[in-house]
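Worksheet: one structure, shown below.
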Amino acid sequence: MYLPEIRFPAFYLQLTIFLLCMISAQNLSAQQQKLLWIDGEANFSRMSYPDSIAYYIKLAKQTGFTDIVLDVKPITGEVLFRSKTAPLMKEWQGFTRPDSMDFLNTCITIAHAHGMKLYAALNIFVAGHNFFDRGLVYSGKAAWQSINYTDSGMVPITQLKHKYSAMTNPVLSEVREHELSVLKELAAGYPQLDGLILDRVRYDDMQADFSDSSRSAFERFSGKRINNFPGDIFTWLKDGKGELQRKEGSLFKEWIAWRAYVIYTFIRQARDAVKKINPHLSFGDYTGAWYPLYYELGVNWASKKYDPAQEYTWASKEYKNYGYAELLDMYTTGCYFYEVQKDEVEKLNAANMQRGEAAMGKGKEYWYSVEGSAEIAKKVIMGAVPVLGGLYVEQYKDHPEQFIKAVRMSLLKTDGLMVFDMVHLINNNWWDVMKEGMN
């Protein structure tokens, strides 16, 4: 039987392909996790009553978020759940939370009622807020604080008031034991919790930590004595413009690898500790997405299969051994850039290149964009764990169209979305903008 050949005009063929792509993209977006982060301090008063909690979680669900990330351990080292290990944050900026409410349990119950998972976020190696002189390092735990190697010498971080986070020294056994105790207490006390997301599991920056404890720990790790400390690691020099530059010493690469080892071993200990208590608890982590510079924070969040020594001069051949992606069930990365597409970076001027996040530089590399940082995160993770692209809402203030582009780029280039923070959606009244981006 003869069947006549049917020919479609090119326009209809293109339209069909476009519509199929749109349907595919919508189906993919519907399956992706979309996390709304709720900061403990910024939302302290509004999240202090069950009806207010219910209002915002319901609004998050209606907007299109699938899950909530609740900050339960702010940078002061205080906690927002019932604890025998860490002090309870009862008051913030003049507002006192009612004693009768179990804040975390209330949030879990309401989130589950709306079909949303709830993850507890904890700031790990930080125990003070330098802008308010508040926190554990200001109340009996001063020995925990990081000692930073500045151009003026060794300075305790509580004296560096341009830094709002009073970071601790990750190598100190008492610091590590305290943080592990908090994690174990949380896992045991709230079995209905869906997961944990660790934040600030890192050093303050390249200046930290240069205490005697760190020097001794490095010498034990490397089997080498530092004869010229800290010059064998690096020295600070000023260039012709008077700007500080780092001159690397003979032990610089080994120091970098050791710091990554310190963080890697804590991640491994933390995972083992909480999984022993609750094997079903999701174990997650947040870091910034700027991997080529993130070594300055002592962190290798890549897969162990990825070898940065093949691409970057700062990495030793051992550095890859301390990649911890395989230890995670969830990973969210901060693609914290106003520029969404890679080609936008080339148009930046000097003023636009002033970036404030830890270890960010001033370059024009492609990964200084949402698209580029998402790509590099996926590249170094190598499929070890799903990557959720994170966005900082306030970076797009007064530019809702750019924020919508960023949301869509994150959903396109990564396995999901994390939005920081709810307070910025509220202050900018961007719930509809958020919904448009996710749809």
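The values are calculated or read from the model by the stated rules, or taken from the named source; none is laboratory data. Keep in mind that this is a model prediction, so the values were computed, not measured. Here the Cβ positions follow ideal geometry from the backbone for every residue, glycine too, while neighbour counts run over all protein chains shown.
A few comments on the model shown:
- Residue list for the stretch 178-213, filter: farther than 22 Å from residue 84 by Cα, touching a residue at least 12 places away in the same chain (Cβ under 8 Å) and acidic (Asp, Glu): 204, 205, 209
- Failed item in (1) assigned to a loop (DSSP other than H, G, I, E, B); (2) free of Cβ contacts under 8 Å to residues at least 40 places away in the same chain; (3) surrounded by 15 or more Cβ atoms within 10 Å (Cβ to Cβ); (4) under 26 Å from the mean Cα position of the chain (by Cα), with residue 229 passing the rest: (4)
- The conditions of being more than 30 Å from residue 184 (Cβ to Cβ), crowded, with 22+ Cβ neighbours inside 10 Å and β-branched (Val, Ile, Thr) are not met by residue 263.
- Out of 312, 366, sole residue that is touching a Lys or Arg at 6+ places or on another chain (Cβ under 6 Å), farther than 23 Å from residue 169 by Cα, in a loop (DSSP other than H, G, I, E, B) and free of Cβ contacts under 8 Å to residues at least 40 places away in the same chain: 366
- For the stretch 214-226, the candidate set comprises residues that are farther than 18 Å from residue 144 by Cα and in contact (Cβ under 8 Å) with a residue 12 or more places away in the chain; within that set, the residue that is nearest to the chain's Cα centre (by Cα) is 221.
- Test: residue in the stretch 174-190 that is outside any helix (DSSP H, G or I) and among the hydrophobic types (A, V, I, L, M, F, W, C): no
- Single residue of 285, 272 found to be of a type in the set (Asp, Glu), closer than 24 Å to residue 195 by Cβ, modelled with pLDDT of 95 or more and assigned to a helix (DSSP H, G or I): 272
- Residue identified as out of contact with any Ser or Thr (no Cβ under 6 Å at 6 or more places or on another chain) and under 18 Å from residue 55 (Cα atoms) among 88, 118: 118
- Count of residues meeting criterion [part of a loop (DSSP other than H, G, I, E, B) and more than 22 Å from residue 191 (Cβ to Cβ)] in the stretch 54-83: 7
- Candidates 164, 190, 138 - the one that is among the aromatic types (Phe, Trp, Tyr), touching a Gly at 6+ places or on another chain (Cβ under 9 Å) and within 19 Å of residue 74 (Cα to Cα): 138
- Condition broken by residue 429, with the remaining ones in (1) modelled with pLDDT of 95 or more; (2) within 30 Å of residue 53 (Cβ to Cβ); (3) in contact with a Ser or Thr (Cβ under 9 Å, 6 or more places away or on another chain); (4) surrounded by fewer than 16 Cβ atoms within 10 Å (Cβ to Cβ) satisfied: (3)
- Among residues of the stretch 110-121 that are touching a residue at least 24 places away in the same chain (Cβ under 8 Å) and at positive phi, those with a Cβ under 9 angstrom from a residue that is of a type in the set (Val, Ile, Thr) and surrounded by fewer than 22 Cβ atoms within 10 Å (Cβ to Cβ), sequence gap 6+ or separate chain, pair up as 115/66.
- Tabulated pairs, the stretch 85-96, first surrounded by 13 or more Cβ atoms within 10 Å (Cβ to Cβ), second in a loop (DSSP other than H, G, I, E, B) and aromatic (Phe, Trp, Tyr), C-beta under 7 angstrom, 6+ apart or interchain: 92/44
- Of all residues making up the stretch 400-425, the number that are out of contact with any Phe, Trp or Tyr (no Cβ under 8 Å at 6 or more places or on another chain) and in contact (Cβ under 8 Å) with a residue 40 or more places away in the chain: 11
- Residue among 253, 317, 304 that alone is modelled with pLDDT of 95 or more, under 21 Å from residue 380 (Cβ atoms) and touching a Ser or Thr at 6+ places or on another chain (Cβ under 6 Å): 253
- In the set (1) within 19 Å of residue 246 (Cβ to Cβ); (2) of a type in the set (Val, Ile, Thr); (3) touching a helix residue (DSSP H, G or I) at 6+ places or on another chain (Cβ under 8 Å), residue 313 fails one condition alone, (3).
- Exactly one residue out of 196, 183 is in contact with a Ser or Thr (Cβ under 9 Å, 6 or more places away or on another chain) and of a type in the set (A, V, I, L, M, F, W, C), and it is 196.
- Leading residue by the ranking (surrounded by the fewest Cβ atoms within 10 Å (Cβ to Cβ)) among those in the stretch 316-345 that are in contact with a helix residue (DSSP H, G or I) (Cβ under 6 Å, 6 or more places away or on another chain) and in a helix (DSSP H, G or I): 342
- Taking (1) at pLDDT below 95; (2) assigned to a helix (DSSP H, G or I); (3) among the β-branched types (Val, Ile, Thr) in turn, residue 6 satisfies each apart from (2).
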